[in-house]
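Engineer: My questions all concern the structure below.
Every read-out reported here was derived from the displayed coordinates using simple, explicitly stated rules and does not represent laboratory data. All figures in this text were calculated on a predicted structure; none of them were measured in a lab. Backbone-built Cβ (ideal geometry, glycine too); neighbour counts: all protein chains shown.
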Ligand SMILES: [Zn+2]
C-alpha cells in the first residue's frame, strides 16, 4: 500500500503529510538527508512507512503551493555608533529608532531581499 501525500489546512498548517497521518513529508525528507535509509525505516516503523513511500518522499517535487513570503518575529542587530559604544537592538517592526547612550538616534529600516539561489543539486555535485 502506498499512501497519497495530501495537504489539509487542519493538519500541520496545510503542509504536505502522508495521508491518514500527521507526519510531514518534509520531515521524512529531512531525516533521509541526515540518516541512512534503514534508520529512516526504523524511525517510521510506527506508521508502517513503506519502501515505495520512501522512494516517493525522496522524489517529491514540492511544487509551489503559495506565494513566496517572509515572516520574522524580530531581527537583532548591534548599532556600532560613531562614539565607540555598541547598542544592541531588537527590531520588532520594519522601522526602529536606536538610541545610543551618547544621545545620537539612528533610524533603522529592516529590509530583506529574497533571491532564488543556485540550484541545490548543482552546488552539491
Ligand atoms: Zn553613540
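Engineer: Can you tell which of 19, 31, 86 shows the greatest fluctuation in a Gaussian network model of the chain with Cα springs below 10 Å?
Structural biologist: The residue that fluctuates most here is 86.
Engineer: Shifting gears a bit: I need 108, 70 ordered by Cβ neighbour count within 10 Å, fewest first. Each step should come with its number before you reach the end.
Structural biologist: Values: 108 15, 70 7.
Exposure proxy ranking, most exposed first: 70, 108.
Engineer: Over the chain, with a Gaussian network built from C-alpha contacts below 10 Å, which listed residue (76, 36, 22) shows the highest mean-square fluctuation?
Structural biologist: With Cα springs under 10 Å in the chain, the top fluctuation among 76, 36, 22 is at 76.
Engineer: I would also like to ask the following. Taking 25 Å as R0, compute the FRET efficiency from the Cβ-Cβ separation of residue 73 and residue 32 and round it to 0.05. Write out the running numbers ahead of the final one.
Structural biologist: Values: r = 29 Å, r/R0 = 1.18.
After rounding, the FRET efficiency stands at 0.30.
Engineer: At a Förster distance of 30 Å, what's the computed FRET efficiency of residue 58 paired with residue 95, Cβ-Cβ distance as r, to 0.05? Could you put the intermediate results ahead of the total?
Structural biologist: On the way: r = 44 Å, r/R0 = 1.47.
E(calc), rounded to 0.05, equals 0.10.
Engineer: What relative contact order, as a whole-number percentage, does the chain give when Cα pairs under 8 Å and 6 or more residues apart are counted? Can you show the working numbers first?
Structural biologist: Details: 111 pairs, mean separation 14.2, N = 125.
The value is 11 percent.
Engineer: For a Förster distance of 41 Å, can you work out the FRET efficiency between the beta-carbons of residue 117 and residue 48, rounded to the nearest 0.05? Provide the component values of the computation, followed by the final result.
Structural biologist: On the way: r = 36 Å, r/R0 = 0.88.
Plugging the Cβ-Cβ distance into 1/(1 + (r/R0)^6) gives 0.70.
Engineer: Using only the alpha-carbon atoms, how far is helix 25-34 inclined from the longest principal axis of the chain? Give it as 0 to 90 degrees, nearest 10.
Structural biologist: Once rounded, one gets 80 degrees.
Engineer: Among 89, 18, 57, determine the one that fluctuates most according to a GNM of the chain built with springs between C-alpha atoms less than 10 Å apart.
Structural biologist: 89
Engineer: Based only on other Cβ atoms within 10 Å, what is the fewest-to-most ordering of 91, 65? Numbers along the way, then the final one.
Structural biologist: Working: 91 16, 65 9.
Starting with the residue having the fewest Cβ neighbours, the order is 65, 91.
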